[in-house]
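As structure tokens, the structure follows; a few thoughts come after it.
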Amino acid sequence: MQLTGLADCCVPDTSAIDDRKRKGPSPNIGLQQRIPLKQLVYTPKCVTLTLIVLGIICITVGIICVLIEATVTAYPASGPYTYFDWEKYGKNAGGQMRCPCAENDYCEGQALGKVAPCLVQFNITEDMPGPIYFYYALTNFYQNNQRVVKSSSAIMSRGEDLLKQATSGDGFSSCQPAESYMVNTSDFEQTEIYYYPCGLAAKSLFNDTFTLKVRGTGDIIAWTSKGIAYASSGGVNGRNQAMDVQWHRDNCYKLGGQDFDQSGYHEDLRKFSLVGNSKGRFDCWHNVSEEGYQVWTRPAARPSFWKLHKRLPGGLKQG
């Protein structure tokens, strides 16, 4: 009796087990964390050469910075001489007494003629080639306060569909508490008017005005705000993209704020600023593409800071 066939059918199939054994841990030394390491040995020669090379690089950069700084002239170098000219500015056009600029905090609201301009006198001892940069400085102004930084609208800055956002349930809530105000319309209804731009960062805009004149003649020296902002702050791909002129005519309840000349809007909108659009939903008080506004809305890291205000491309003569 032969049992050969029966014995063959009972032999287990070990091919699957062999395959699993062949698929063991990966031989990759990186996966197995067996990469050979080399430890640097700091010899005196190596350290000395490294320090000499770094020293030469730092000295070269320092010399270049010193040479560039030597070509820069700052005025006033020892502090401004600020004064008030009673003869010229003591009264306004209506004959009312003005408040001296140095006493602004004391007589705010008391002087009928409002505050007179402060005069800052400085003498240029040598010709200054252009471009010349004019800065203003603020102290103890916490522009980087979390509440101020958060109170803004990226939608307004990018120039997206503002009307759609205004009619949505959320509105521009990120701009609180400087988001909007209510006005009375026909049939005893109220309409919400949104500031454009909105937010504490925008509404705290530095709005002092400066005029540069030649002492003696009183000739006004022309300067410009073009080119004072970073290229990334404006334009189609920048942080601030303004709506076009027709959009302002269709959607601005008011335009230009208290002083159209300081609002940054095009002269074509001056007449429209006097009437506005009663059906508009936005108080367009300042042009978001104006470079002075773009400089201001980049928050300073410290409470005392300088910000670029104007440029004089042609320079100044001695005197």
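The values are calculated or read from the model by the stated rules, or taken from the named source; none is laboratory data. Predicted model, so just to flag it, every value in this text is computed and none were measured. Note that we place each Cβ from the backbone using ideal geometry, even for glycine, and neighbour counts take in every protein chain shown. The protein model used for the area step is the full one, side chains on, heavy atoms only, and it has no ligands, DNA or RNA in it. Shrake-Rupley method; radii C 1.70, N 1.55, O 1.52, S 1.80 Å.
Here residue 137 and residue 217 are evaluated by their C-beta separation; at R0 = 25 Å the FRET efficiency comes out at 0.35.
Once the C-beta distance of residue 29 and residue 61 is scaled by a Förster radius of 41 Å, the resulting FRET efficiency is 0.45 to the nearest 0.05. Considering all different alpha carbon pairs of the stretch 239-319, the Kirkwood hydrodynamic radius works out to 14.6 Å.
Taking all protein chains together and a 1.4 Å probe, the residues 75, 230 rank 230, 75 from largest to smallest accessible area. In a shell of Cβ-Cβ distance under 11 Å around residue 261, excluding residue 261 itself, what net charge do Lys and Arg (+1) and Asp and Glu (-1) give? Combined, the nearby Lys, Arg, Asp and Glu give -1. Here's how it looks for residue 180: its modeled amide H is under 5 Å from those of 195, which are all 5 or more places away or on a different chain. Whole angstrom only: what separates the Cα centroid of the stretch 254-319 from the Cα centroid of the stretch 193-230? Here the two parts' Cα centres lie 6 Å apart. Computing FRET efficiency as 1/(1 + (r/R0)^6) for residue 262 and residue 302, where r is the C-beta to C-beta distance and R0 is 35 Å, gives about 0.85. From the Cα gyration tensor of the stretch 174-319, with a ≥ b ≥ c the square roots of its eigenvalues, which class applies: rounded if a/c is under 1.5, or else prolate if a/b is larger than b/c, or else oblate? Prolate, since a/c reaches 1.5 and a/b exceeds b/c.
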